[in-house]
Amino acid sequence: MLINPKKPWDDIPSSEITPEDVYLNRREFLGAAVGAAGLATIRPEAVAAAIRRRAGLQDPEVPAIVSMGEELRDDATEWRHVTGHNNFYEFGTDKRDPARNAGSFQPAPWSVRIEGECENPGDYALEDLIRPGEVEDRIYRFRCVETWSMVVPWRGVPLRNVISRAAPTNNARYVRFETVFRPEEMPGQNAPILPWPYVEGLRLDEATNLLAMLVTGVYGRDLPNQNGAPLRLIVPWKYGFKSIKSIVKISFVEEMPLNTWQEMQPNEYGFFANVNPEVDHPRWSQAREKPLPSPFRSRDTELFNGYAEQVGHMYAGMDLARWY
Amino acid sequence: MNAKRQLLLVRLVAWAGAAAPLLWMIYRIFLGEGLGADPTAELTHWSGFTATTLLVVGLAITPVRRITGWNSIQKVRRMIGLWAFFYATIHVAVYAALDQALALDFILEDVLTRPFTLVGAAAFLLLIPLAVTSTRGWIRRLGKNWVRLHWLVYPAAVLAVLHYELGQKTDFTRAPVTMAVVLAALLGARVWLAMRKRAAASARGTRARPSEG
Ligand code: HEM
């Protein structure tokens, strides 16, 4: 079965578009690849090798499985940049602060409270929330509102899988996410830089779009603390600040949640924060981006970060300049 | 220490202080760990911060001299101003050549439509004539007007600090505010010194200079 990454994949369960063999774990997979050299399994192996190269990793703890975004594999941003350049104000406002200051953060054990308008509220251990059989690797573009961008191989599960198990009721129209509040482990939280804890939200249809992912790893490894361990959101068609990190609470609500950056500066940051080259930030143009580590802001930014085919329908008829 | 050697020492210290950020950056690029994932941002912040700091330091010299009577430091004011202009030029060049990749249409749109960049550009434009006329020849040629022209360093510094403040995402409370407070104190000191001088002058006028005799 061929995977065409250009085709819309929305509403196709990932188990149907990902061949069986790529679900094998890495050791089994390598054996299979060696045995079947030159056959159909070559492709995931090439992907794994390319990613390993980009990651600059010598050991084999790197994904062999990529179900989405393979066309981006040669553009993947190096591991040292993905894990060394982060906006995670809980650990400081400088891009290098998180890598420096997140060392003593304890991402395990971890539990997530699911609450609000749903049939299965409760406290869930991370292991119960993220089922191993559902884990996939996907390479997504990542666009920060500050105009830099990366290409990142994430590992995680579709958010919709978790949402469907929580079984939201008819009253649920939005999903609200909250970051952990641990000032003793997160030095940035001791200063009033932002109103802690960090809050984000999605409309329910956005949250159940197949692109929305609950991420536990990057480059096939567990998330480093500075990248939002142990559990973060990735919504690749939105600016990076929507992709909330170190999630401890998922609430199903009726009203649109007030996300942290909108609360801070409502004229600069909205609820939707969809990547859009035509809607500028008050202080800079969003028309182009800097694909790090390039020094040049010369890549044309795409509507919905290049994922218009998969997500555009959710915003049909909406004034994107008003709902920024 | 005689006056000549003291002046030489002050010059040396000022020169080393102003050149240190440049040497540090060269070290980081060529010998250190490099500039990380976003070298353009790193260079922009480094050059903008250094330029603004040196502008403020340059403005501190006259009040400090008046208050301490340490006259030799006056001689390095021009040099510090020129270093500030040097870093400001790197800042603008990094913005145009790297950040904007020399796309003129984007540069114009950005600078003309957004207060943050407009204020920065205004600061830079004010600094250009000051740098150009900083030579001995120009000082001689302009005479009294030189002092008048170089008064522009005050609005330039105010604009630079305002630009710094406008560029902040959340951190309104730290470095930019510190810089603004220091600048305001320096401006206040200048005004206070000018008022004291005027008061002293008028006192001398009415009391027929009793102390001079
Ligand atoms: C055409 C003129 C200028 C433009 C387009 C410009 C543009 C910029 C940009 C894009 C930033 C980075 C903002 C960010 O990423 O947060 C910045 C920061 C800054 N600029 Fe400028 N700038 C200009 C002139 C100046 C001048 C003349 C000075 C000082 C003499 C200056 C001082 C600063 C300072 C202090 C910062 C903040 C540095 C920091 O965050 O540590 N700028 N400028």
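Okay, here's what the table says:
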quantity	calculated
DSSP-loop GluC sites (Glu not before Pro) across segment A:272-303, with at most 11 other Cβ within 10 angstrom	A:E278
Segment B:90-197: chymotrypsin sites (Phe, Trp or Tyr not before Pro) falling in loop per DSSP and having at most 13 other Cβ within 10 Å	B:W151, B:F172
Packing-based exposure ordering (other Cβ within 10 Å, fewest first) of B:V147, A:V145, A:V215	B:V147, A:V145, A:V215
Charge sum, other residues only, whose C-beta stays under 15 Å from B:A18's C-beta, Lys/Arg counted +1 and Asp/Glu -1	+4
Tail fraction, Cα-Cα pairs, segment A:174-302, threshold 16 Å, whole percent	68 percent
Long-range Cα-Cα pairs in chain B (distance over 24 Å), rounded percent	52 percent
Additional length obtainable on full extension of the chain from A:M318 to A:D128, 0.36 nm per residue less Cα span	64.7 nm
Cβ-Cβ FRET estimate between A:T169 and B:V182, R0 fixed at 56 Å, reported to 0.05	0.45
Order of B:Y154, A:Y124, A:Y219 under a 10 Å beta carbon neighbour criterion, fewest first	B:Y154, A:Y124, A:Y219
Prolate/oblate/rounded label for segment A:72-198 (Cα gyration tensor, a/c 1.5)	oblate
Likely footprinting exposure, B:L108, A:L72, A:L159, B:L193, fewest C-beta neighbours within 10 Å first	B:L108, B:L193, A:L72, A:L159
For a label point 7 Å along the Cα-to-beta-carbon line of A:R283, residues of segment A:66-105 with backbone N under 20 Å	A:85-98
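Just so you know, all these numbers are worked out from the coordinates, no wet-lab data involved. Predicted model, so just to flag it, every value in this text is computed and none were measured. A quick note on method: Cβ atoms are made from the backbone with ideal geometry, for glycine too, and the neighbour counts reach across all protein chains shown.
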